[in-house]
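Let me begin by presenting the structure, written as structure tokens, before commenting on it.
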Amino acid sequence: MTGEAGRLLNGFGHRYAVAVRVATLPPIAAIGLLRSSSAEFAGTVAVVAAAVVWTCARGWWLRRAPIGVDVAVLLGLCLTVFWTGAEADGNTGWLRLLVIFACVTWQWHTTPVTGALAALITGGGMLVIFAVAGLDPSASQLWVPVMAAMSRVAWVLVTRAAERADRMAAEAERARREAAVAAAVRAEERELANSLHDTAATTLLMVGLGQVPPDAKWLAPQARRDLARLSFVHDGRTSPETDLVEMLGADLGTGHLTVELDVPPRLPLPSDVAGAIAGAVREALNNVRRHAGTDRARVRLRGGTRSVLAEISDEGKGFNAGDSVPSRRGLRESVLGRMDRVGGTAMITSAEGAGTMVRLEWSS
């Protein structure tokens, strides 16, 4: 099992096998000592002590000790019936319990073949030893292979459930990655569409509608800026932090709109936030050029690295903001949408004959 659930289950199998064998030691040792005759008590104490020491050492050494060593030690403990007098007083129940718990817990941290062979060799060896010693087999002895097989079946079912959980987790992670990639592609396409709308498309539309004379001196530099911005958006190259004031200055270097700037000397922000605010300001000024009927606007910028307020205002003819915003892509996507995607807000206040105010706010 290579998944996270499988890895955790594998570690659990090792730890729980140790816990079960160590936890059953006190009652097993008590059975061995309490059922021993006074004549064989000293010998029984020695054998029980050896079983306790080995079980604890096996638990400590579990990941490194070969299971064959565990099998050999358990069979050696069974052989003590020949010199402790167990065949006389029948004090073998504790040995049977020791073997049963070992055979059952082996199935939780071994391969099916290894676990089956270890259980058959240990259980069968115990039967042979006790038979040679003249002891009649008990039901618990005969059930050792059966209990080991049942333990293996239960462990296989748990393992398959862990594998299913790993597969489901892997599928969920794959779906999450695919959704993240799709969202990133959609965001890039949306930003490219917004940038195209804000730059080249707006410039060409103004020329096409006759709002700009073909020989306007600012037209060629503006077209070059539009192409440079589209190339930058397409490359997707950004730094962790960008100066918003510098970005605004680069966008406002045209002669077809007089913009009064009220901004601090510098305002470094996360690049995505600076880009969103600059793009929203640019689109708001585009709307002033195209719709306001004025060639003057004012941009006011306040804030710091954790909070920003930008206001773009004009004294043009205005419009009914409540009716127009949802149907105008420039305001909906390039202003409201941009600010929403970086966790900011945009509020547009306008009325016919009263000019327009676009208020952009962001805080971390």
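The values are calculated or read from the model by the stated rules, or taken from the named source; none is laboratory data. The structure displayed is predicted, hence computed values, not measured ones. Positions of Cβ are generated from backbone atoms using ideal geometry, with glycine treated the same way; all protein chains shown enter the neighbour counts. Surface accessibility is based on the protein's heavy atoms, side chains included, excluding ligands, DNA and RNA. Shrake-Rupley method; radii C 1.70, N 1.55, O 1.52, S 1.80 Å.
So the values come out like this:
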{"read-out": "Of residues in region 286-296 being touching an Asp or Glu at 6+ places or on another chain (Cβ under 8 Å) and open to solvent by less than 50 Å² (accessible area, probe 1.4 Å), the one nearest to VAL335 (Cα to Cα)", "value": "ASN286"}
{"read-out": "Residues that are outside any helix (DSSP H, G or I) and charged (D, E, K, R), drawn from region 134-185", "value": "ASP136"}
{"read-out": "When residues of region 56-73 are limited to those that are at pLDDT 90 or above and not hydrophobic (A, V, I, L, M, F, W, C), the one farthest from PRO26 (Cα to Cα)", "value": "GLY68"}
{"read-out": "Any pair with Cβ under 9 angstrom, 6 or more apart, that starts in region 19-31 at a residue that is farther than 13 Å from ILE100 by Cβ and in contact (Cβ under 8 Å) with a residue 40 or more places away in the chain and ends at one that is open to solvent by less than 30 Å² (accessible area, probe 1.4 Å) and among the aliphatic types (A, V, I, L, M)", "value": "ALA29/VAL48; ALA29/ALA51"}
{"read-out": "Tally, over region 344-355, of residues that are touching a residue at least 40 places away in the same chain (Cβ under 8 Å) and open to solvent by 20 Å² or more (accessible area, probe 1.4 Å)", "value": "1"}
{"read-out": "Hits in region 321-340 - residues which are open to solvent by 80 Å² or more (accessible area, probe 1.4 Å) and either in contact with a strand residue (DSSP E or B) (Cβ under 7 Å, 6 or more places away or on another chain) or at pLDDT below 85 (or both)", "value": "ASP323, PRO326, SER327, ARG329, ARG332"}
{"read-out": "Any hit, region 95-107, residues being touching a Leu at 6+ places or on another chain (Cβ under 6 Å), open to solvent by 50 Å² or more (accessible area, probe 1.4 Å) and either acidic (Asp, Glu) or in contact (Cβ under 8 Å) with a residue 60 or more places away in the chain (or both)", "value": "no"}
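Each row is one residue, and each column tells you yes or no for (1) among the β-branched types (Val, Ile, Thr); (2) under 46 Å from the mean Cα position of the chain (by Cα); (3) more than 15 Å from VAL81 (Cα to Cα).
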| residue | (1), (2), (3) |
| --- | --- |
| GLY6 | no, yes, yes |
| LEU25 | no, yes, yes |
| ALA39 | no, no, no |
| ALA46 | no, no, no |
| VAL52 | yes, yes, yes |
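One line per residue, one yes/no per condition, for (1) crowded, with 19+ Cβ neighbours inside 10 Å; (2) assigned to a strand (DSSP E or B):
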| site | (1), (2) |
| --- | --- |
| GLY279 | yes, no |
| GLU283 | yes, no |
| ARG298 | no, yes |
| ALA310 | yes, yes |
| LYS317 | no, no |
